[in-house]
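Okay, so here's the structure we're looking at.
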Amino acid sequence: MKNRINVFSVFIVLSSCFATMSYGQAPDPLKRNVDKSLFPKAYGVLANEHLLYPIDQSDWPVKIDGRRQLFVDDYLIASLKNVRRTVNQATKHPANPLIDRDKPWEGQGTVFHQVMRDEETGKFRMWYSGNLNFELPSGITVRWTTCYAESDDGITWKKPELGLLEFRGSKANNIVISGGGLFGLIHDARERDLERRYKAIVWHDWRDHKGNAPPEGYYLYTSPDGLHWKQPRQRPLALNQNRDQAGIGDTSLFYWDERLRRYVCYTKILFRGPTMRTSGMMESDDLIHWSRPRMTIFPDALDDPDTQIYQHFSFPYESMWVGLARVMHTDLIHESYKQTLVELTASRDGRHFTRVGRREALIPLGKPDEFDPHYHAPTSRPILVGDELWIYYYSTPLLDPKKVGAEKAAATKVSRIGLAKIRRDGFVSLDAGADAGRIVTRPLTFEGRTLYVNAKIANDGWLKAELQNTEGERSAHYRFDNSNAVTGDVLSARVAWGKHKGIEPSDDEPRRIVFELKNAKLYSFWIE
């Protein structure tokens, strides 16, 4: 009871924080004055699973379908014994970096990538930005070029000479959009107008001292094929950060969420005085009209004092949403001045996100002499290739000029794109050692008949399962003593009970699944 009172006290304090007004002067009706004395702890409540969802639901039934059920959060778990949750690191491809700068229009490297795989041909397609400032024929200086590359296997990439746009007097290049960084690429199969099947959201950060450039912000482009682009609107979809107030920052990402059936923008919300980077979300039906950006991820008391949320986005994955957060540290013992790690978040509705684990990095930083020692940035959704999830990311050495000198810092600041892989469903596992562990789910309502697991089991290990009712009473047929022992490294292993290969339907009540495992990692289960 005491813990729950503390939880609700936090919410009461949080609510009063937003209700507090500045007295002694007339309030500005255009500003919502808030007491910031509790930042960042107050916003940190929003991303803590047990503070956001304080009610114990271990005995509440939950309906599941045939999609894979992951253990990234505690949503399906009633209890655990002798089991630990592990955030599993992705494995980097030995050929990294896969895409390096080798063209004049790529400047200081390749950044802001989006990768898709053509469903018909299997070809991998990548759009990325070259990091440089250059002058357009109009005389306006812009940042970045948006370029195109393709690959048959996702490893070896070609940069085709498209001949579409001019760069310093020549069209012999792979540029598809001049003067903008790519922060969203959507292949919209629902679009009836074939000329608008591809939609790109491009950030224009103009450098025009004469004052003739459009406002800095995010602009919409459309294309029939992803190569030939038009700009149907001259006004931005969303304006960028205001130099004096909180605003949308320069690492916001736009996607189509096929489960929410909405366009979503994961916004970088930038506070000023002092500068604090954090993450929010807004939604749209048409890419033009947007909901108010609301906070989703903010540093909390478990983070180091110098922590900021540099970027965040999520993607529907099986029965939930999995998110990738770029968590930035600025007070480091290393030579980097801006270290950015990739951490996991989770959501069950696509709108409320909680942070996963104990701040473990999904993609480890490289060694000092490798291409990716400091600054990781996955900006494209993972792609399922066979039984692996492929995560493309760009990374940059960001040496501190004060520590290594300005010349060395500038010479090594080059962005390149690499690849990290993780097994299907492999973000998080529930692990047991030599002492057998037990996982008990909430009561489950389902229509499937066959139980499958994705697990990695050592030679001397095993995994078994039984079914129980809500009160924990064991089923007559589906008990541990007649469960077949699952062994080996299995991505889709059926669990059976002797002659009972499938689960007979139960009309009266939901069923818990109880897993017992020894020297094993359980990634997911599902019932088909």
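The values are calculated or read from the model by the stated rules, or taken from the named source; none is laboratory data. If you're wondering where the values come from, they're calculated on a predicted model, not measured in any experiment. Positions of Cβ are backbone-derived with ideal geometry, glycine not excepted, and every protein chain shown enters the neighbour counts.
Which one of these is buried (at least 18 other Cβ atoms within 10 Å of the Cβ), hydroxyl-bearing (S, T, Y), under 30 Å from the mean Cα position of the chain (by Cα) and assigned by TED's automatic domain parsing to the domain that holds N82: Y523, Y478? It would help to see each step written out before you state the result.
Values: Y478 fails: under 30 Å from the mean Cα position of the chain (by Cα).
Sole residue among the options that is buried (at least 18 other Cβ atoms within 10 Å of the Cβ), hydroxyl-bearing (S, T, Y), under 30 Å from the mean Cα position of the chain (by Cα) and assigned by TED's automatic domain parsing to the domain that holds N82: Y523.
Among the residues making up segment 123-146, those that are within 23 Å of the chain's Cα centre (by Cα) and either hydrophobic (A, V, I, L, M, F, W, C) or surrounded by fewer than 15 Cβ atoms within 10 Å (Cβ to Cβ) (or both) are F124, M126, W127.
Screening segment 431-452 for residues that are surrounded by fewer than 21 Cβ atoms within 10 Å (Cβ to Cβ) and hydrophobic (A, V, I, L, M, F, W, C) and picking the one that is farthest from R85 (Cα to Cα) gives L444.
Anything in segment 278-328 that is among the small types (G, A, S) and assigned to a strand (DSSP E or B)? List them, or say none.
Going residue by residue through segment 278-328, those that are among the small types (G, A, S) are 279-280, 284, 291, 301, 314, 319, 323, 325.
Listed by number, the residues that qualify are S279, G280, S284, S314, G323, A325.
Against the conditions (1) farther than 20 Å from I309 by Cβ; (2) crowded, with 16+ Cβ neighbours inside 10 Å; (3) in contact with a strand residue (DSSP E or B) (Cβ under 6 Å, 6 or more places away or on another chain), Y394 satisfies every one except (1).
Among the listed residues V72, V45, V115, V111, which satisfies the condition of being touching a strand residue (DSSP E or B) at 6+ places or on another chain (Cβ under 7 Å), outside any strand (DSSP E or B) and either surrounded by 14 or more Cβ atoms within 10 Å (Cβ to Cβ) or of a type outside the set (F, W, Y) (or both)? Please lay out each step first, then the result.
Working: V45 fails: touching a strand residue (DSSP E or B) at 6+ places or on another chain (Cβ under 7 Å); V115 fails: outside any strand (DSSP E or B); V111 fails: outside any strand (DSSP E or B).
Result: V72 is the single residue among V72, V45, V115, V111 that is touching a strand residue (DSSP E or B) at 6+ places or on another chain (Cβ under 7 Å), outside any strand (DSSP E or B) and either surrounded by 14 or more Cβ atoms within 10 Å (Cβ to Cβ) or of a type outside the set (F, W, Y) (or both).
Residues that are crowded, with 16+ Cβ neighbours inside 10 Å and either among the charged types (D, E, K, R) or over 13 Å from the mean Cα position of the chain (by Cα) (or both) within segment 296-317 comprise F298, P299, D300, D303, T307, Q308, listed in sequence order. Considering A420, A432, A455, A465, the condition of being among the small types (G, A, S), in contact with a Leu (Cβ under 9 Å, 6 or more places away or on another chain), farther than 30 Å from L324 by Cα and touching a residue at least 24 places away in the same chain (Cβ under 8 Å) is satisfied by A465 alone. Among the residues of segment 127-165, those that are in a loop (DSSP other than H, G, I, E, B), modelled with pLDDT under 90 and of a type outside the set (G, A, S) comprise L136, P137, I140. Scanning segment 328-375 for residues being closer than 17 Å to N88 by Cα and either within 13 Å of the chain's Cα centre (by Cα) or small (G, A, S) (or both) gives a total of 13. Of all the numbered requirements in (1) in a loop (DSSP other than H, G, I, E, B); (2) crowded, with 19+ Cβ neighbours inside 10 Å, G472 misses one, and that requirement is (2).
Would you call A420 assigned by TED's automatic domain parsing to the domain that holds P382, surrounded by 15 or more Cβ atoms within 10 Å (Cβ to Cβ) and within 30 Å of S336 (Cβ to Cβ)? When the stated conditions are applied, A420 passes them. Of the residues in segment 402-422, none is within 14 Å of F525 (Cα to Cα), under 27 Å from the mean Cα position of the chain (by Cα), outside any strand (DSSP E or B) and not hydroxyl-bearing (S, T, Y).
Listed here are the residues, each with its yes/no results for (1) over 19 Å from E528 (Cα atoms); (2) small (G, A, S); (3) not assigned by TED's automatic domain parsing to the domain that holds N82.
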position	(1), (2), (3)
G461	yes, yes, no
A465	no, yes, no
T470	yes, no, no
V486	no, no, no
A496	no, yes, no
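Out of the residues in segment 48-69 that are among the basic types (K, R) and assigned to a loop (DSSP other than H, G, I, E, B), which is surrounded by the fewest Cβ atoms within 10 Å (Cβ to Cβ)?
Keep residues of segment 48-69 that are among the basic types (K, R), which gives 63, 67-68.
Retained after the next criterion (residues that are assigned to a loop (DSSP other than H, G, I, E, B)): 67-68.
Values: R67: 15, R68: 20.
Ranking the candidates gives R67 first.
Considering segment 505-520 alone, what residues qualify as being within 14 Å of R449 (Cβ to Cβ) and either in a strand (DSSP E or B) or within 30 Å of the chain's Cα centre (by Cα) (or both)? Scanning segment 505-520 gives R511, I513. All but one of (1) over 21 Å from L389 (Cβ atoms); (2) outside any strand (DSSP E or B); (3) at pLDDT 95 or above; (4) not polar (S, T, N, Q) hold for P94; state the number of the condition that does not hold. In the conditions (1) over 21 Å from L389 (Cβ atoms); (2) outside any strand (DSSP E or B); (3) at pLDDT 95 or above; (4) not polar (S, T, N, Q), P94 misses (1) alone. Sub-9 Å Cβ pairs linking a first residue in segment 481-497 that is closer than 20 Å to R68 by Cβ to a second residue that is loosely packed, with under 14 Cβ neighbours inside 10 Å and at pLDDT 95 or above, at least 6 apart or interchain, are G488/N459; L491/D387; S492/D387, ordered by first then second residue.
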